[in-house]
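The values are calculated or read from the model by the stated rules, or taken from the named source; none is laboratory data. None of the values given here were measured: they were computed from a predicted structure. Here the Cβ is made from the backbone with ideal geometry for all residues, glycine too, and neighbour counts use every protein chain on show.
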Amino acid sequence: MIDIYKELQKRIEKRRVLKDENMRNHTSFKIGGLADFFVIVQEIEELKFVLDIAEKYAIPLTVIGNGTNLLVSDKGIRGIVLKIEISNLKVIRKKDKAEITISSGYAVGKLANLAYKEELTGLEFLSGIPGSVGGAIRMNAGAYGKEMKDIVISTKYMEKNGKIKKLNLEEHMFSYRSSIFSEMKDVIILETVLEAGYGNKEEIKEKIDEYRNKRIETQPLELPNAGSTFKRKGDIITAKVIDECGLKGYRIGDAAVSEKHAGFVVNLGNATAKDVLELTDYIKETVKKKKGIEIELEVLFVGEK
Ligand SMILES: Cc1cc2nc3c(=O)[nH]c(=O)nc-3n(C[C@H](O)[C@H](O)[C@H](O)COP(=O)(O)OP(=O)(O)OC[C@H]3O[C@@H](n4cnc5c(N)ncnc54)[C@H](O)[C@@H]3O)c2cc1C
């Protein structure tokens, strides 16, 4: 029988091919079982190599970014979990706007900081979002009235067969916390081109500080979580509705509705995915019963059911 672990190490450095890796180490929720293989790729050729192996031996592949919107199954993830750390960053200054080409593995918070240093405005909303560019594209991440759809120009991705394709803005099919990549599960986002305006450094800094401070004040950043657990429902702010149902502090196992922000489920120490799912089911049922509103998870469940 083929030894996939050894096979992967033929092309990728040993320290970037992990076997039976605990997904708690790769998710902001600090929850999840073992991934059969956890592979970090740093070059396009390495990525192609992993895709080839997955295809050749029919191994399931799961791409993750910074793992900040994921709930990983207690039973773990079969096959290969792939993290992209290819680095490409280019800023082109045009007449009235700049274009930033950035790899999918780059952290969006770092990107907001980079834009600030370059005196570029329009990316401030990303500061404080702990995800990667790839995850932000897939999720159409947003905050403070802006989303990725407002700054994206185009995105390149790789298909399972190694072919690279490009999407223009309208082809991303962006909607609330969703994009075409929500359906195209088998592709890997490689890089994106974003637009930014020319701004004033002090004003950019002020905005970034304001957004960061708001998060520190209102979000339970001291406990592991995966951001807003549920999506907004039109104009309805889910966190407010959950709070009005008296659910703040409600706990199953070590998963609890944050006392600080009812929109966040937090891990009090040793929460399991099962605890979180039981809790989110209970929240959904209660909100339906008391308010007549059906709410939907924003956090994505991955791994063995
Ligand atoms: C404290 C906290 C605050 C948050 N605040 C916000 C907020 O204000 N606004 C907001 O929108 N979100 C917020 N989030 C949620 C999360 O940060 C975003 O959804 C983010 O965009 C997820 O990026 P990620 O890299 O962590 O993706 P992951 O969680 O790793 O993955 C999310 C999805 O993207 C896919 N994906 C990731 N990279 C790639 C790639 N290269 N190719 C193909 N698919 C890929 C994964 O397969 C998965 O389906 C918050 C989370 C936390 C913990």
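Looking at the stretch 285-299 only, could you name the residues that are under 30 Å from L61 (Cα atoms) and surrounded by fewer than 16 Cβ atoms within 10 Å (Cβ to Cβ)? The one that is under 30 Å from L61 (Cα atoms) and surrounded by fewer than 16 Cβ atoms within 10 Å (Cβ to Cβ): E296. Scoring S104 on the criteria (1) more than 12 Å from the ligand (Cβ to nearest atom); (2) buried (at least 23 other Cβ atoms within 10 Å of the Cβ) leaves a single failure, condition (1).
At least 2 residues being closer than 17 Å to D3 by Cβ is the threshold, and among the strands (runs of 3 or more DSSP E) wholly inside the stretch 25-90 those reaching it are 34-41, 77-84. The set of residues in the stretch 212-231 being in a helix (DSSP H, G or I) and either more than 9 Å from the ligand (Cβ to nearest atom) or crowded, with 20+ Cβ neighbours inside 10 Å (or both) consists of R212, N213, K214, I216, E217, T218.
Kindly evaluate T68 against the criterion of being in contact with a Phe, Trp or Tyr (Cβ under 9 Å, 6 or more places away or on another chain), within 12 Å of the ligand (Cβ to nearest atom) and in contact (Cβ under 8 Å) with a residue 60 or more places away in the chain. Yes.
Name the residues in the stretch 179-224 that are acidic (D, E) and without any contact (Cβ under 8 Å) to a residue 12 or more places away in the chain, would you? Within the stretch 179-224, E183, E202, E206, D209, E210, E217, E222 qualify.
Results for (1) in a loop (DSSP other than H, G, I, E, B); (2) assigned by TED's automatic domain parsing to the domain that holds A141, shown as yes or no for each residue.
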{"residue": "E206", "(1), (2)": "no, yes"}
{"residue": "K248", "(1), (2)": "yes, no"}
{"residue": "D275", "(1), (2)": "no, no"}
{"residue": "E278", "(1), (2)": "no, no"}
{"residue": "E285", "(1), (2)": "no, no"}
{"residue": "K288", "(1), (2)": "no, no"}
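Selection of first residues in the stretch 81-103 that are farther than 17 Å from S154 by Cα and of second residues that are of a type in the set (S, T, Y), restricted to Cβ pairs under 6 Å at least 6 apart or on distinct chains, gives the following pairs, ordered by first then second residue: V81/T62; I84/S104; I86/S103; S87/S103. Is it the case that the stretch 147-169 has a residue that's of a type outside the set (A, V, I, L, M, F, W, C), under 16 Å from S228 (Cβ atoms) and either within 13 Å of the ligand (Cβ to nearest atom) or surrounded by 21 or more Cβ atoms within 10 Å (Cβ to Cβ) (or both)? Yes, there is a match, as at least one residue in the stretch 147-169 is of a type outside the set (A, V, I, L, M, F, W, C), under 16 Å from S228 (Cβ atoms) and either within 13 Å of the ligand (Cβ to nearest atom) or surrounded by 21 or more Cβ atoms within 10 Å (Cβ to Cβ) (or both). Give the residue that is farthest from the ligand (Cβ to nearest atom), with candidates limited to residues of the stretch 182-204 that are under 30 Å from K163 (Cβ atoms) and assigned to a loop (DSSP other than H, G, I, E, B). For the stretch 182-204, the residue satisfying everything is E183.
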